Amino acid sequence: MLAESEGKFMLTQTAGQEPPLIDDRPVSQPGSLERGIDILLALSGAPRPVSLAQLCRSTGLPKSTAHRILGVLCGRGLARRAGTGYLPGDLLEVLAGGPERGPGARRAVLPYLLYLYETTRQTVNLAVPSGLEARYVERLYGHDRVASPSDATDRAPLHCTATGKALLAFDAGLRQEFLARGAFERLTGRTITTLAGLERELAQVRRHGVAYAREEFADGVSCVAAPVFGPEFGAPGGRVRMAVGVAAPAYGAPLGRLAIAVRGAAQAISAALLGEQPSR
């Protein structure tokens with residue numbers, strides 16, 4: 001029962017009743033699971049790779065603790081290294097559905113990818129930005145698909161692939177961060193490795209709405225891609241969400257005809273994602 005003493009209320013014991021239990025144990029520190037969740041939450045809300053120092057500031061964890069937990073998360077596919085920073089891992093993106101997989105998005109996109117494959121009979125790729133790389137989230141191909149270094153990882157550099165250029169050209173934030181590198185890895189003798197060269201290339205992509213990669217990522221492979229736009233609050237035309245591309249053998253590839261087909265598919269997908277009817 002309550003009793004008043006010196007202006008304060010206190011609990012007093014009534015005859016025949018047990019005294020109230022008071023837990024005076026110190027509050028325990030967060031365990032490894034809670035700390036891991038904090039790190040994953042910090043990664044999931046970041047559009048670009050997050051450095052170890054940034055993660056420590058946002059979670060309040062010591063550097064050694066954060067580094068140890070990140071090692072476990074990376075080993076389990078829940079996080080991954082991206083340059084000097086970290087991103088959500090492939091397994092986490094699959095479990096979460098991926099940022100590009102809104103409700104009904106795959107249902108809206110896949111018919112156009114199938115039509116593009118039937119029209120071109122070449123490898124069709126759908127790519128999204130993942131850190132400072134392009135990640136292929138859908139791929140359609142036949143038995144005679146053209147081989148690519150990205151086949152094993154479903155990831156590719158941005159500067160030397162058609163889908164990567166399409167993403168860079170229309171995403172100002174991604175472009176600014178990527179171009180800040182200043183120099184880019186050479187994969188073949190045709191790879192663009194200078195800042196000025198890549199900026200000129202991206203300007204052409206924005207002008208024509210289509211990107212090309214002519215044996216820049218792999219010898220013997222040429223690609224053409226176009227941007228796909230999706231809804232964004234306050235932006236009637238949306239913002240670039242992904243890029244659709246076609247990869248074909250470089251020798252004799254009809255890039256002009258492929259570009260028309262790819263650009264048409266990208267525009268139709270954009271219209272579907274934006275809730276519009278594609279123009280005819």
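The values are calculated or read from the model by the stated rules, or taken from the named source; none is laboratory data. Here the structure is a predicted model, which means the values were calculated and not measured. Reconstructed Cβ throughout: ideal geometry from the backbone, glycine too, with neighbour counts over all protein chains shown. Please note that ligands, DNA and RNA were not included when accessible areas were found on the heavy atoms of the full protein model with its side chains. Shrake-Rupley method; radii C 1.70, N 1.55, O 1.52, S 1.80 Å.
Some observations on this one:
- Multiplying the residue separation of Asp151 and Thr65 by 0.36 nm and removing their Cα-Cα distance gives an extension gain of 27.5 nm.
- Share of Cα-Cα pairs in region 145-280 lying beyond 19 Å, as whole percent: 50
- As a rough guide to protection, the peptides 176-182, 110-116 ranked by mean Cβ packing within 10 Å, highest first, stand as 110-116, 176-182.
- Centre separation in Å (Cα based) which lies between region 128-172 and region 178-216: 14
- Net charge contributed by nearby residues that have their C-beta within less than 11 Å of Leu174 (K/R +1, D/E -1): 0
- Ranked packing of 74-86, 195-207, 125-137, most packed first, by mean Cβ within 10 Å: 125-137, 74-86, 195-207
- Probe 1.4 Å, protein heavy atoms only - accessible area per residue of region 29-88 in square angstrom: 56
- 13 Å cut-off, amide nitrogen to a point 7 angstrom out along Ala180 Cα→Cβ, residues in region 132-147: 132
- Working ranking of peptides 245-255, 138-148, 213-223, 160-170 by packing, defined as the average number of other Cβ atoms within 10 Å per residue, highest first, is 160-170, 213-223, 245-255, 138-148.
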